[in-house]
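The structure under discussion appears below in the form of structure tokens.
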Amino acid sequence: MVRLAILASGNGTNAQRISEYFSESDSVKVECIIFNVKGAYVAERAKKLGVPAYYFGRSDFYQNGAVLDFLKAHDVDWVILAGFLWLVPEDIINAYPNRIINIHPALLPSYGGKGMYGSHVHEAVVANHEKESGITIHIIDDQYDRGKTLFQAKCDVTPEDTPETLAEKIHLLEQKYFPVVIEKTVLG
């Protein structure tokens, strides 16, 4: 059984989709959801799904090693970033080399980097009159939105699109592809 830990910061729709996707799997299990924003709705989603959820603050990630200790204690094999907005600390990257997967709401390397998340990405894509956007699922490294690309899916951006309508298109791609790519990657 491959055990996943999902790291999230906000609403948790991708965490929910991943948890639902693997809920009946004999090969992959969502061991827990870790969130870093008190009151994040992802904790409510986890509760409804019956997935244990845990809050860890900044010092737990960057100073005292509590998150890494927790991951090891729960025999986590892979870490999945689903709307997690902090740079993953080096100790976790080193403990999970090539085993931390992220999703980004754009076609990297475009529209990536610090501060480029959620609506910020969609606003920039629309403002620059891009003809297409999409998602990038990738293995992370020690920089925001870099690392080996595992998968990309595209969607058209029309002159009528707003950041909100583009976000809806991107969300559909995330929901469709993220769990499938995770499964293919973690099962080799």
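The values are calculated or read from the model by the stated rules, or taken from the named source; none is laboratory data. Here the structure is a predicted model, which means the values were calculated and not measured. Counting neighbours? That spans all protein chains shown, and the Cβs are built from the backbone with ideal geometry, glycine included.
If I ask for residues that are assigned to a loop (DSSP other than H, G, I, E, B) and aromatic (Phe, Trp, Tyr), which ones from the range 68-87 would you list?
Phe84, Trp86
Of the residues that make up the range 91-98, is at least one in the same structural domain as Val28 (by TED's automatic domain parsing) and β-branched (Val, Ile, Thr)?
Looking for residues that are in the same structural domain as Val28 (by TED's automatic domain parsing) and β-branched (Val, Ile, Thr), one finds at least one in the range 91-98, hence yes.
Tell me, which residue of the range 125-145 that is touching a strand residue (DSSP E or B) at 6+ places or on another chain (Cβ under 8 Å) and part of a loop (DSSP other than H, G, I, E, B) is nearest to Pro89 (Cα to Cα)?
In this case the residue turns out to be Ile140.
When you check Tyr111 against the structure, is it in a loop (DSSP other than H, G, I, E, B) and hydroxyl-bearing (Ser, Thr, Tyr), yes or no?
Criteria met by Tyr111.
Right, Gln175: farther than 17 Å from Val121 by Cα, in the same structural domain as Tyr111 (by TED's automatic domain parsing), surrounded by 15 or more Cβ atoms within 10 Å (Cβ to Cβ) and polar (S, T, N, Q) or not?
yes
Name the one entry in Thr165, Thr136, Thr149 that is farther than 12 Å from Leu107 by Cα, of a type in the set (Val, Ile, Thr) and at pLDDT 95 or above.
Thr165
Starting from the range 47-75, keep only residues that are closer than 13 Å to Trp86 by Cβ, then list their pairs with residues that are part of a helix (DSSP H, G or I) and of a type in the set (Phe, Trp, Tyr) whose Cβ atoms are within a distance under 8 Å, requiring at least 6 positions of separation or different chains.
Close Cβ pairs satisfying both conditions: Phe56/Phe70; Val67/Phe61.
Residues to consider are Asp60, Asp77, Asp69, Asp26; find the one that is over 17 Å from the mean Cα position of the chain (by Cα) and buried (at least 16 other Cβ atoms within 10 Å of the Cβ).
Only one candidate passes the filter, namely Asp60.
Residues being basic (Lys, Arg) and surrounded by fewer than 16 Cβ atoms within 10 Å (Cβ to Cβ): count how many of those fall in the range 125-148.
The total comes to 2.
Check Val126 against each of (1) of a type in the set (Val, Ile, Thr); (2) over 22 Å from Val181 (Cβ atoms); (3) under 15 Å from the mean Cα position of the chain (by Cα) and name the one condition it does not meet.
The single condition Val126 does not satisfy is (3).
If the Cβ limit is 6 Å and pairs must be 6+ apart or interchain, which residue in the range 166-188 that is within 13 Å of Ser25 (Cβ to Cβ) pairs with which residue that is part of a helix (DSSP H, G or I) and of a type in the set (A, V, I, L, M)?
Pro179/Ile18
In the range 149-188, how many residues are over 15 Å from the mean Cα position of the chain (by Cα) and either of a type outside the set (Gly, Ala, Ser) or assigned to a loop (DSSP other than H, G, I, E, B) (or both)?
Matching residues across the range 149-188 total 18.
This table checks each residue for (1) touching a strand residue (DSSP E or B) at 6+ places or on another chain (Cβ under 6 Å); (2) exposed (fewer than 15 other Cβ atoms within 10 Å of the Cβ); (3) closer than 20 Å to Asp77 by Cα.
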residue: Leu150; (1), (2), (3): yes, no, yes
residue: Val157; (1), (2), (3): yes, no, no
residue: Lys169; (1), (2), (3): yes, no, no
residue: Pro179; (1), (2), (3): no, no, yes
residue: Lys184; (1), (2), (3): no, yes, yes
residue: Gly188; (1), (2), (3): no, yes, yes
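For the range 114-124, indicate whether the set of residues that are surrounded by fewer than 16 Cβ atoms within 10 Å (Cβ to Cβ), polar (S, T, N, Q) and not in a helix (DSSP H, G or I) is non-empty.
no
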